[in-house]
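*Asks:* Dropping a structure here in structure tokens format, bear with me for questions.
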Amino acid sequence: REDPWVRSIIIAPPKHVMLSADYGQIEYRVIGIASKDKRICDSLRDRYDVHMDWAKRVAAADPKVWRACGKDIKKLRQDIKSSMVFPAFYGAHPDYIARLIGMDIRKCRRLFEEFWDEFAGVKAWQNRLLKQYERDGYVSCRAGRRRRAPMSHNMIFNTPIQGSASDIVIDAMNRLSVRSDREQEPALQAVINIHDDLTFYVPKKQQDELMEIIIDEMLRPSFDWVTVPISVEVSVGENWGALKAVGTYFSDDRKA
């Protein structure tokens, strides 16, 4: 992020483009799956952007934070995503988050009361998970993998979420790899995997055809525990530093 120009060094082969397919808000979706929080599950069907929503609420609650980010809502959204929303879901205290985002502690505490009123199902899930960990000495991802004690509160809460999100990404990459081998189509083999993103070298002449296959596979995970809509954001470019958005695709739209 500090030196984004470095990405421009990674260049597609001749007559190819780089195609990046990124799962949108995948951890937030897995939190909804794990907690069955009604607010989250309903909001995902309405295309709710939790990070933008809470960025706007923070800006309204404490103008100092809004000024500090240069009144750039996209920058504030990224800050709130990494320093408030996910830390909260992973067990961070509001005083800690207030320091991270430069917010008045009393204002942050009041906003957190609103946050947990809204996501009461997540708080209940956290409490159940903590009791289960204290009883059994481990927590599990949705696919069954376990992580055992000793673990911090943050690790207890984030392991089932980040681990399950990883399972979704790797499942898609593996299925595309198998299909690449079966159909003798090397472009379906991801060349880069970073967090929730799979990136491919795709021949320009086959861009639309292969993009459709990649999206379709990514939006059809193998796991029956994926009970909320998921999305994939696609970008294309000549190099990794010059990708331009093509579109966002949702699993519930494609089923229709």
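The values are calculated or read from the model by the stated rules, or taken from the named source; none is laboratory data. Here the structure is a predicted model, which is why all the values come from computation and not from measurement. We place every Cβ from the backbone using ideal geometry, glycine too, and count neighbours over all the protein chains shown. For the accessible areas, the whole protein counts, side chains as well, though only heavy atoms, and no ligand, DNA or RNA atoms are used. Shrake-Rupley method; radii C 1.70, N 1.55, O 1.52, S 1.80 Å.
*Asks:* Relative contact order for the chain using alpha-carbon pairs under 8 Å, separation at least 6, rounded to a whole percent?
*Replies:* 33
*Asks:* Okay, next question. With labels modelled as points extended 7 Å from the Cα through the Cβ direction, what inter-label distance (nm, one decimal) is found for Lys64 paired with Leu130?
*Replies:* Each label point is offset 7 Å from its Cα along the Cβ direction, giving 2.8 nm.
*Asks:* When the C-alpha atoms of the stretch 66-162 are aligned to their principal axes, what extent does each axis show, in angstrom, from largest down?
*Replies:* Computed over the stretch 66-162, the largest-to-smallest principal extents equal 46, 22, 22 Å.
*Asks:* Which shape class, rounded, prolate or oblate, goes with the stretch 107-256 when its Cα gyration tensor gives a ≥ b ≥ c as root eigenvalues, a/c under 1.5 marks rounded, and past that a/b bigger than b/c marks prolate? Show your work: numbers first, answer last.
*Replies:* On the way: a/c = 2.42, a/b = 1.82, b/c = 1.33.
Since a/c reaches 1.5 and a/b is larger than b/c, the shape of the stretch 107-256 is classed as prolate.
*Asks:* Then there is this: State the answer as a single residue: which of Gln126, His16, Ser231 lies farthest towards the positive end of the charge dipole of the chain, with beta carbon charges of +1 for Lys and Arg and -1 for Asp and Glu, about the Cα centre.
*Replies:* Gln126
*Asks:* With charges only on Cβ, +1 for K and R and -1 for D and E, what is the dipole size of the stretch 127-227 about its Cα centre, in debye, rounded to 20? Numbers along the way, then the final one.
*Replies:* Numbers: 14 positive and 15 negative charges, 141 e Å.
The calculation lands at about 680 debye.
*Asks:* Solvent-accessible area per residue for the chain at a 1.4 Å probe radius, Å²?
*Replies:* Normalised by residue count, the accessible surface of the chain is 52 Å².
*Asks:* Let me have the relative contact order for the stretch 84-136, percent, based on Cα pairs under 8 Å that are six or more residues apart.
*Replies:* Rounded, it is 23 percent for the stretch 84-136.
*Asks:* With all protein chains present, how much of the accessible area of the stretch 1-87 (probe radius 1.4 Å) comes from carbon and sulfur, to the nearest whole percent? Please report the intermediate quantities before stating the final value.
*Replies:* On the way: 2470 of 4520 Å².
C and S fraction of accessible area: 55 percent.
*Asks:* Which one, Val191, Asn158, Pro203, projects farthest toward the positive side of the charge dipole computed for the stretch 143-210 from Cβ point charges (K/R +1, D/E -1)?
*Replies:* Toward the positive end, the furthest listed residue is Asn158.
*Asks:* Using 0.36 nm times the number of residues separating Met151 and Lys244, minus their current alpha carbon distance, what extension gain do you get?
*Replies:* Here the answer is 29.5 nm.
*Asks:* Taking N as the number of residues in the stretch 59-121, what is its alpha-carbon radius of gyration divided by 2.2 N^0.38 Å? Don't skip to the answer; put the middle values down first.
*Replies:* Values: Rg = 11.1 Å, N = 63, 2.2 N^0.38 = 10.6 Å.
Taking the Cα Rg and dividing by 2.2 N^0.38 Å, one obtains 1.05.
*Asks:* Oh, and also: How long is the gain from Arg57 to Ile105 if the chain were fully straight, where each residue apart is worth 0.36 nm and the alpha carbon distance is subtracted? Kindly include the intermediate steps, with their values, before the conclusion.
*Replies:* On the way: separation 48, 0.36 × 48 = 17.28 nm, distance 1.49 nm.
In short, 15.8 nm is gained.
*Asks:* Identify, among Trp116, Ser251, Val85, the residue whose Cα sits farthest towards the positive end of the charge dipole of the chain, taking +1 on the Cβ of Lys and Arg and -1 on the Cβ of Asp and Glu, with the dipole about the Cα centre.
*Replies:* Trp116
*Asks:* Taking only C-alpha pairs under 8 Å that are 6+ residues apart, what is the relative contact order of the stretch 108-220 in percent? Mind dumping the intermediate values first?
*Replies:* Working: 89 pairs, mean separation 17.0, N = 113.
Relative contact order for the stretch 108-220 comes out at 15 percent.
*Asks:* Still on this model: Show Asp224, Asp197, Asp22, Asp253 ordered by accessible area, largest first, where the area counts protein heavy atoms only and the probe is 1.4 Å.
*Replies:* From most exposed to least exposed: Asp224, Asp253, Asp22, Asp197.
*Asks:* OK, next. Which ³J(HN,Hα) values, rounded to whole Hz and listed in residue order, are derived for the stretch 220-231 from phi using the Karplus coefficients 6.51, -1.76 and 1.60 in 6.51 cos²θ - 1.76 cosθ + 1.60 with θ = phi - 60°, glycine and proline given as x?
*Replies:* Result, ordered by residue: 10, x, 6, 8, 6, 7, 7, 10, 10, x, 10, 9 Hz.
*Asks:* Still on this structure, please answer the following. About its Cα centre, how strong a charge dipole does the chain have in debye, to the nearest 20, once Lys and Arg get +1 and Asp and Glu get -1 at the Cβ?
*Replies:* 780
*Asks:* Further question on the same structure: May I ask you to evaluate 6.51 cos²θ - 1.76 cosθ + 1.60, the Karplus curve with θ = phi - 60°, for each residue of the stretch 125-137 and list the ³J(HN,Hα) values in order in whole Hz, giving x for glycine and proline?
*Replies:* 5, 4, 5, 5, 5, 4, 5, 5, 5, 5, 7, 9, x
*Asks:* To the nearest 20 debye, what is the magnitude of the charge dipole of the stretch 1-91 about its Cα centre, counting +1 on the Cβ of each Lys and Arg and -1 on the Cβ of each Asp and Glu? Write out the running numbers ahead of the final one.
*Replies:* Numbers: 18 positive and 12 negative charges, 42 e Å.
With only Lys, Arg, Asp and Glu charged at Cβ, the dipole is about 200 debye.
*Asks:* Which value, in Å² and to the nearest 10, is the accessible area of Trp225 when all protein chains are kept and the probe is 1.4 Å?
*Replies:* Per-residue accessible area (Trp225): approximately 30 Å².
*Asks:* Taking H placed 1.01 Å from N in the peptide plane, check which residues at least 5 places from His16 or on another chain put their amide H under 5 Å from its amide H.
*Replies:* For His16, whose amide H was placed from the backbone, the distant partners under 5 Å are Lys204.
*Asks:* Return the sequence-ordered ³J(HN,Hα) values of the stretch 154-165 in whole Hz as given by the Karplus equation 6.51 cos²θ - 1.76 cosθ + 1.60 applied to θ = phi - 60°, using x for Gly and Pro.
*Replies:* Per residue, the Karplus-derived 3J(HN,Hα) values read 4, 5, 4, 7, 8, 4, x, 7, 5, x, 6, 4 Hz.
*Asks:* Right, something else. In this model, which of Lys81/Lys204; Lys64/Lys123; Lys75/Lys107 are farther than 25 Å apart at the alpha-carbon?
*Replies:* Distance filter (> 25 Å) returns Lys81/Lys204; Lys64/Lys123.
*Asks:* What is the Rg over Rh value, at two decimals, for the chain, using alpha-carbon atoms and the Kirkwood definition of Rh? Intermediate values should be presented prior to the final figure.
*Replies:* Working: Rg = 19.8 Å, Rh = 19.9 Å.
On the Cα set of the chain, Rg over Rh gives 1.00.
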